[in-house]
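Student: To start, I am sharing the structure in question, which I have written as structure tokens.
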Amino acid sequence: MYFSIFLASLGFVGFFIWYLAAENAATRRIAGVGAIVASLLTCGLAIYPLNQTIKLGLDLQGGTEFLLEVQGNPTSQALDQAISVIRKRLDVLGTKEITIQPEGKSRLKIQIPGLKGAEIGQARNQISQVAKLDFRLVPTNEKEILQAAEMNGGKLPYEYASDYIILPHVEKNAKGQDVITQSVVGRKVEMSGKHVVRAYRTIEQMGDSVVNLDFDDEGRQQFAQLTTNNVGKQLAIVLDNEVRSAPVLRVAITDGRAVISGGNMSALECEELASVLQNPLENPIQILDERSVDASLGADSIRSGRNAGAIALLLVVSFMVIYYRISGMIAVLALAVNLVLLLGLLAQFHFTLTLPGIAGIVLTIGMAVDANVLIYERIRDELALGKPARSAIDTGFERAFSAIFDSNVTTLIPAIVLAYFGTGPLRGFAVTLVLGIIANLFSALVVSRNAFDWILAATDKPNLRMMQFIKSPRFDFLKYRGMGLMLSVVLLVAGTLAVYTRGDSLLGVDFKGGDAVTLTYQQKVDVGQMREALLKNGFKDLTLQPATGSNALLIQTEQEQGERAVKILQQTFPQAGFVAGSDDRVGAQVGGEMKQKAITALLAGLFGILVYAAIRFEWSYAVAAAIGQLHDVLIALSIMAVMGRELTLPLVGAFLTIAGYSINDKIVVFDRIREGVRNREKGSFYEAINRSLNLTLARTILTGSTCLLATLALIIFGGPVIHDFSLAMFIGIMSGIYSSHFISPGIAWWLGGDNKKNLTKPVSATVTKVTSDKAAVGV
């Protein structure tokens, strides 16, 4: 299979180079078909069979994810050792396909599919236990020393402190519960556990489970000497500064074996203890973040994502075919190729598909037709000027290229920033969006163009009839720039007040730390009653949020309080049938870092787009576009704050995507303004801006409509996990359309210097001419 994929990829490269170098139309058509077929073959082989090649994330198949930090400035070797040790430990649980990835210089991310219930706690213990084993002697006058320490306020008196320490002694009672007492052991480590080569569980004659230790040759000699010299004394076996057993040495042990018999230890506990002893960690591990998703919630997420994607696809396809007719069918063909390429790229690069990734695919569907709309509206303009079909198509593709290139690059910048700074779901969404943009460019510029070339080869008068909702637009957009600015100020002030009054409650668990649990239910219970029940049981920092359009409830509590909240609700409202789904635990340290990363990602994305726009356009256009972009992000944030939504990592991803979409829309507008200024079109700069806004109005509405349709499908059918993300995207797209006409153009006009100066050379391409030749357009 891999060899076939390699050959197909090689064929694609060859055909694509041939396509770019082709000197005549016939050769280009053949090379284009070859490149398209080879790309589809490559991606088709990569995704076959689909259920095995596309890996599903934890949010789709259920399981648990841990974020760990290795303490003590670990070296790369120590990090590798920790990965190896933890993997060996978790194999004891019988889990499969465990993923352990380094995150930075000292962190590890562990994903364990299918983990649930009590297994989560067992895995948590297995991961975090250092397993620092050593052997220490217990003094013969232990009771005397403990009495002296008790009389000294629990501390060892001076005469004993230099030689001994007090450690907890953990044993099991008959019920299997931990019983903790105190033991006195020597400060001197008589022998370390680094010589243990094997640890395993056995059963004693009385039926108790114990852990046997086997030493290497050096350890065998040390242990033999230690036990020979101390017959009759107690030898404490200390694990992670806890005494696990302290047997009396009856005879010298020369066979290189020791036994840990904690008394009443279960078989599973002995297996776990043996596993960590055989695989000790060089550095302590701290669990910073824990996220769990129940498999049933994952199944619901898959169903919701699939439904949202199918509905979004159906809406966009229907819209394009009805509006653009034959040209719309070509756009649908390009969209189909786009989706195959996207899935193939995901499979080839071994990316894991998460629910935000599905959201990225759905958003890609909405954005996929943008390039086609740009091309088709340019073709419409050329046809309206009376040009023949071949010339109109060539000119349409040529003049749309700069806008397509700039708009996709400016969408790509925040996606790359998000992939770099983001973790988990954010990175999955960003990667999907990046690959979707690449597939979009190929589909629009190669697939669509090749389809038109074959049509032109068959006939010189193809049917390019298109619908036209807006005819002869002559709106004076700049006239209403003041009203637009006032509306924005009102919304931003309302958002600022909402942020100020809510304070830290605006931040979700991702940023302030705590537990976030998703509950599904069969019978609805009033949110006020649930909140009252939790408040009576001592909860303070608490958030309850029903998920729109789904029988799900999102609960956010302080750290390590999520499970207790679930139990209280299950006991108080048994008729509701509450079932815990996802369970995320984020430490305050991780929350603080996420806050910094989110701010950094937003600023880096905005700055990157500003630099690119300044290079490609005049500085006034770049500043105007950047201000409009920031405006759209802040409007989305303000409205979400007014609606009582919490700021989470998925929302940060939505804001970055809004930034990309917003600049995309403005780049198209400013590209047309730049073209008009270069051609020295008739009228003042004020008139040039209004003319360009009217010429791009149809494209803006059409592209915005397809994105809104896709996002609306996510809001209604996407499920609770991505509801806020989708809602923020919907608000941002609406704001982007609005600011592209009433905010950014006004700023560009104000910064444009001598705004009333005429552009001296008149041209024939006026709005009236473009829209008056209805026969050429085919309305």
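Student: Taking region 155-222, which chymotrypsin sites (Phe, Trp or Tyr not before Pro) meet the DSSP loop condition and have no more than 13 other C-beta atoms within 10 Å?
Tutor: none
Student: With r as the distance between the Cβ atoms of Ala252 and Asp217 and R0 = 22 Å, compute the FRET efficiency 1/(1 + (r/R0)^6) and round to 0.05.
Tutor: Efficiency, rounded to the nearest 0.05: 0.80.
Student: Going by amide H atoms built from the backbone, whose H comes under 5 Å of the H on Lys132, apart from near neighbours?
Tutor: Result for Lys132 returns Asp240.
Student: A further question follows. When the solvent-accessible surface of protein heavy atoms is calculated with a 1.4 angstrom probe, in what order do Thr648, Thr75 fall, highest first?
Tutor: From most exposed to least exposed: Thr75, Thr648.
Student: Per the Cauchy relation, a quarter of the hull surface: what is the mean projected area of the convex hull of the alpha carbons in region 180-268, in nm²? The partial results should precede the final answer.
Tutor: Numbers: hull surface 25.1 nm².
So the Cα hull casts an average projection of 6.3 nm².
Student: Given 0.36 nm per residue, what is the gain on full extension from Thr543 to Asn173 after removing their alpha carbon distance, in nm?
Tutor: 129.2 nm is the gain from fully extending Thr543 to Asn173.
Student: Calculate, for Gln77 and Glu103, the FRET efficiency according to 1/(1 + (r/R0)^6) with r their C-beta to C-beta distance and R0 25 Å; round to the nearest 0.05.
Tutor: 0.90
Student: Here's a follow-up. What does the charge count near Leu714 come to, summing +1 for each Lys or Arg and -1 for each Asp or Glu among other residues with Cβ under 14 Å from its Cβ?
Tutor: It works out to a net charge of +1.
Student: Multiplying the sequence separation of Lys567 and Asn307 by 0.36 nm and subtracting their Cα-Cα distance, what value in nm do you get?
Tutor: Contour length minus Cα-Cα distance gives 90.4 nm.
Student: Given the convex hull over the Cα atoms of region 623-671, what projected area results after averaging over all orientations, in nm²? Kindly include the intermediate steps, with their values, before the conclusion.
Tutor: Working: hull surface 13.2 nm².
If I average the Cα hull's projected area over directions, I get 3.3 nm².
Student: Moving on. Would you kindly find the accessible area of Leu637, with a 1.4 Å probe and non-protein molecules such as ligands, DNA and RNA excluded, rounding to the nearest 10 Å²?
Tutor: We get 50 Å² for Leu637.
Student: How much length would be gained if the chain were fully extended between Ser266 and Arg325, taking 0.36 nm per residue of separation minus their Cα-Cα distance, in nm to one decimal?
Tutor: This chain segment gains 14.1 nm when fully extended.
Student: Still on this structure, please answer the following. So which of Lys132/Lys194; Lys143/Lys233; Lys188/Lys233; Lys109/Lys132; Lys387/Lys461 end up more than 18 Å apart, counting from Cα to Cα? Provide the component values of the computation, followed by the final result.
Tutor: Details: Lys132/Lys194 9 Å; Lys143/Lys233 14 Å; Lys188/Lys233 15 Å; Lys109/Lys132 23 Å; Lys387/Lys461 11 Å.
Result: Lys109/Lys132 exceed 18 Å.
Student: Sticking with this one: Counting only protein heavy atoms and using a 1.4 Å probe, what share of the accessible area of region 123-247 belongs to carbon plus sulfur, as a whole percent?
Tutor: So the carbon and sulfur contribution to the accessible surface is 45 percent.
Student: Another question, then. So, taking all protein chains as they sit and a 1.4 Å probe, how much accessible area belongs to Asp208, in Å² rounded to tens?
Tutor: The accessible area of Asp208 comes to roughly 60 Å².
Student: Can you tell which of Val170, Thr181, Ser209 lies farthest toward the positive end of the dipole of region 157-213, using +1 and -1 charges on the Cβ of basic and acidic side chains (Lys, Arg; Asp, Glu)?
Tutor: Of the options given, the answer is Ser209.
Student: How would Glu204, Glu290, Glu69 line up by accessible area, probe 1.4 Å, largest first? Don't jump to the answer; show the numbers that get you there.
Tutor: On the way: Glu204 80, Glu290 10, Glu69 30 Å².
These residues rank, largest area first, as Glu204, Glu69, Glu290.
Student: Using a Förster distance of 45 Å, how high is the FRET efficiency between Asn229 and Gln559, based on the Cβ-Cβ distance and rounded to 0.05? Mind showing how you got there, number by number?
Tutor: Numbers: r = 49 Å, r/R0 = 1.08.
The value I calculate is 0.40.
Student: Still on this structure, please answer the following. Pick out, in residue order, every one of the trypsin sites (Lys or Arg not before Pro) in region 102-185 that is DSSP loop and has at most 13 other C-beta atoms within 10 Å; say none if there are none.
Tutor: Details: sites: Lys105, Arg107, Lys109, Lys116, Arg124, Lys132, Arg136, Lys143, Lys155, Lys172, Lys175; in loops: Lys105, Lys116, Lys132, Lys155, Lys175.
The qualifying sites are Lys105, Lys155, Lys175.
Student: Based on the mean of other Cβ atoms within 10 Å per residue, sort peptides 443-455, 736-748 so the most packed one is first.
Tutor: Answer by packing, highest mean first, reads 736-748, 443-455.
Student: Arrange the residues Thr228, Thr543 by how much accessible surface each exposes, largest first, with a 1.4 angstrom probe.
Tutor: Highest to lowest solvent-accessible surface, that is Thr228, Thr543.
The values are calculated or read from the model by the stated rules, or taken from the named source; none is laboratory data. Treat the numbers as computed from the prediction; the structure is a model and nothing was measured. Here the Cβ is made from the backbone with ideal geometry for all residues, glycine too, and neighbour counts use every protein chain on show. Ligands, DNA and RNA are stripped out before the accessible areas are found, and what is left, the full protein with its side chains, is counted by its heavy atoms. Shrake-Rupley method; radii C 1.70, N 1.55, O 1.52, S 1.80 Å.
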